[in-house]
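Trainee: Have a look at this one.
The values are calculated or read from the model by the stated rules, or taken from the named source; none is laboratory data. None of the values given here were measured: they were computed from a predicted structure. Quick reminder, even Gly has a Cβ in these numbers, built from the backbone with ideal geometry, and neighbours come from all protein chains shown. Surface areas here come from the heavy atoms of the whole protein model, side chains and all, with no ligands, DNA or RNA. Shrake-Rupley method; radii C 1.70, N 1.55, O 1.52, S 1.80 Å.
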Amino acid sequence: MKISPATLAALALAAGSTNAFAPAAPTRSNSSLNAVSKKDTYQITLLPGDGIGPEIMSACKEVLGTLTKKCGFELEMTDALIGGAAIDAKNDPFPDESLEQCRNSDSVLLSCIGGYKWDSNPRELRPESGLLKMRKEMGLFANLRPAKVLPQLIDASTLKKEIVEGVDVMCVRELTGDVYFGTPKGIDVVDGERVGYNNMIYREGEIERIARVAGDVASKRGGKLCSVDKANVLDVSQLWRDVVTDIITKEFSDVELSHMYVDNAAMQLIRWPKQFDTIVTGNIFGDILSDEASMLVGSLGMLPSASIGESGPGVFEPCHGSAPDIAGEDKANPLALILSAAMMLTYDLDRAEEAALLETAVEAVLDEGLRTADIKQEGDGCTLVGCIEMGQAVAAQLEKIEVPVQV
């Protein structure tokens, strides 16, 4: 999915709205969203992954089936392997056939990966290695995670209402560089003891392109961008700060740029989160801060994300992990994956109106007082439901919603 200013305008608009949320390779259109050309049938690769992944994917498929039937288009959804499931079946956390299927799709929907079962495997045979390979091979360099507090769930946050009410933060995380991908890396024996090392490295061009994404996002939101680094001790962060400053100053004069050290940013997200509009940071800092920002909302189970590149399909996934401790118990929250599907409809499939219907249905379910365990509060008067029932409830709400004529 090619990033354009118009695409990023749509991202910003969505973040500020009430709804917070192997054929030949597809031809991408030059539409305002730079999605595939709008059509009657789309090829979607589903990556159910591990843990609760298959459960939430099943719920999401039911919802998407209801949506497509109601709106008169089709999603031809084909499963592929990634993570622990791929290791068990193919001895590879992201087999080449999965990569090719993803590349040749109109879009990719991923549940979650990982689990205790594979934690002791060699690094190359751990589920997370498959995720890193997918991001690198598909050129998914920008991860966008909105963290917007919904009125229905404000009491689910562990922070005081006056702290989180009105919070609306977009975290733009660089996804294919930094210490996760830098070389050399490894574990060696030096002077008779093991030494582990990784390389925190960024090229100027990698910083420039993520800075432009963040600048576009910020310019279409509140016009404020905070770049997070550790320039007081890290040379790579000093380069980051210099390049971000140069790009934003020269190309986004309407954006108010500030800088913050990562340790202070972690504290400020809890102390006064409403000071932030758009945050841009590197891979490892973004991994940590975006999870922290998501908890302002009350649960990772509510938050979608988009991983996008300069061309080709994006990958849309919830922010939460695979939760192997509740896998198979019908306790998982499928809403983040459903909202990720809404992002997919908007930014890869040129179906923004249908995405809005999906988001409206999710909010209607919350208004109805249905809650999975992760967002249920003692004494809230809401009804505890499981994964299956929550998916069915969203589908039922879709059936009730009147479809606009233009859809």
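Trainee: Among Phe181, Gly309, Leu257, whose Cα projects farthest towards the positive end of the dipole of the chain, with charges put on the beta-carbon of Lys, Arg (+1) and Asp, Glu (-1)?
Mentor: The residue sitting farthest along the positive end of the dipole is Leu257.
Trainee: Determine the calculated [θ] at 222 nm for the chain from helices alone, applying -39500 (n - 2.57) to every DSSP H run no shorter than 4 residues and normalising by the residue count; nearest 500 deg cm²/dmol. The partial results should precede the final answer.
Mentor: Details: 13 runs with 159 residues, N = 407.
Dividing the helical sum by the residues of the chain leaves -12000 deg cm²/dmol.
Trainee: Greater than 32 Å separation of Cα atoms is the criterion. Which listed pairs, Lys148/Lys230; Lys117/Lys220; Lys148/Lys331; Lys61/Lys160, meet it? Intermediate results must be reported in sequence, preceding the final value.
Mentor: Numbers: Lys148/Lys230 26 Å; Lys117/Lys220 43 Å; Lys148/Lys331 23 Å; Lys61/Lys160 36 Å.
Result: Lys117/Lys220; Lys61/Lys160 exceed 32 Å.
Trainee: With a point put 7 Å past each Cα toward its Cβ, work out how far Asn91 is from Glu256 in nm, to one decimal.
Mentor: 5.8 nm
Trainee: Roughly speaking, what is the stretch gain from Leu384 to Glu353, that is 0.36 nm per residue apart minus the C-alpha to C-alpha distance, in nm to one decimal?
Mentor: On the way: separation 31, 0.36 × 31 = 11.16 nm, distance 3.00 nm.
Separation in residues times 0.36 nm, less the Cα-Cα distance, equals 8.2 nm.
Trainee: What percentage of all Cα-Cα pairs in segment 75-208 are separated by more than 26 Å?
Mentor: Working: 4065 of 8911 pairs.
So the pairs more than 26 Å apart make up 46 percent of the total in segment 75-208.
Trainee: So in the chain, what percent of DSSP beta bridges are antiparallel if you round to the nearest 5? It would help to have the intermediate numbers written out before the result.
Mentor: Numbers: 20 of 49 bridges.
That works out to approximately 40 percent antiparallel.
Trainee: Here is a further query. Over segment 296-407, calculate the relative contact order: mean separation of alpha carbon pairs under 8 Å at least 6 apart, over the residue count, as a percent. Intermediate values should be presented prior to the final figure.
Mentor: Details: 158 pairs, mean separation 27.7, N = 112.
Reported as a whole number, the value is 25 percent.
Trainee: Hey, for a label at Val403 modelled as a point 7 Å past Cα toward Cβ, could you say which residues of segment 334-377 have their backbone N under 18 Å away?
Mentor: Those under the cut-off are 342, 345-346, 349-362.
Trainee: What translational diffusion coefficient, in µm²/s and rounded to a whole number, does the Stokes-Einstein relation yield for segment 119-161 at 10 °C and a viscosity of 1.306 mPa s, taking the hydrodynamic radius as the Kirkwood radius over Cα pairs? It would help to have the intermediate numbers written out before the result.
Mentor: Values: Rh = 13.9 Å.
D = 114 µm²/s.
Trainee: Determine the distance separating the Cα centre of segment 270-348 from the Cα centre of segment 114-177; give it in Å without decimals.
Mentor: Distance between centres, Cα-based: 5 Å.
Trainee: On to the next question. For the chain, what ratio Rg/Rh do Cα atoms give with a Kirkwood hydrodynamic radius? Don't jump to the answer; show the numbers that get you there.
Mentor: On the way: Rg = 20.5 Å, Rh = 21.6 Å.
The Rg/Rh ratio comes out at 0.95.
Trainee: Evaluate the Debye formula for segment 297-407 with equal point scatterers sitting on the alpha carbons, no solvent, and hand back log10 of I(q)/I(0) at q = 0.12, 0.18, 0.19, 0.20 Å⁻¹, in q order, two decimals.
Mentor: Debye curve over Cα of segment 297-407, log10 I(q)/I(0) at q = 0.12, 0.18, 0.19, 0.20 Å⁻¹: -0.45, -0.94, -1.02, -1.10.
Trainee: Using a cut-off of 10 Å between beta-carbons, work out the net charge of the residues near Ala85 (Lys and Arg +1, Asp and Glu -1, Ala85 not included). Present the calculation step by step, with values, prior to reporting the outcome.
Mentor: On the way: positive: Lys90; negative: Asp50, Asp79, Asp88.
Within the 10 Å Cβ shell, the charges total -2.
Trainee: Then there's this: In segment 164-183, whose amide N lies under 17 Å from the spot 7 Å out along Cα-to-Cβ of Thr245? List them in ranges.
Mentor: Label zone hits: none.
Trainee: Continuing with the same structure: Got a number for carbon plus sulfur as a percent of the chain's accessible area, 1.4 Å probe? Please list the in-between numbers first.
Mentor: Working: 8370 of 16740 Å².
Carbon-and-sulfur percentage of accessible area, whole number: 50.
Trainee: May I ask for the percentage of alpha-carbon pairs in segment 102-175 that lie more than 18 Å from each other? Write down the numbers at each step before the final one.
Mentor: On the way: 1661 of 2701 pairs.
Distances greater than 18 Å cover 61 percent of the Cα pairs.
Trainee: Can you tell me the length gained on complete extension of the stretch Tyr116 to Met267, counting 0.36 nm per residue apart and subtracting the Cα distance?
Mentor: Values: separation 151, 0.36 × 151 = 54.36 nm, distance 3.02 nm.
Full extension of this stretch gives 51.3 nm more.
Trainee: Among bridges DSSP assigns within segment 36-192, what percent are antiparallel (round to 5)? The partial results should precede the final answer.
Mentor: On the way: 7 of 18 bridges.
Of the beta bridges lying entirely in segment 36-192, close to 40 percent run antiparallel.
Trainee: What is the sum of charges around Asp119, taking Lys and Arg as +1, Asp and Glu as -1, for the other residues whose C-beta is under 13 Å from the C-beta of Asp119?
Mentor: Numbers: positive: Lys117, Arg123, Arg126; negative: Asp50, Glu128.
Surrounding charge for Asp119 is +1.
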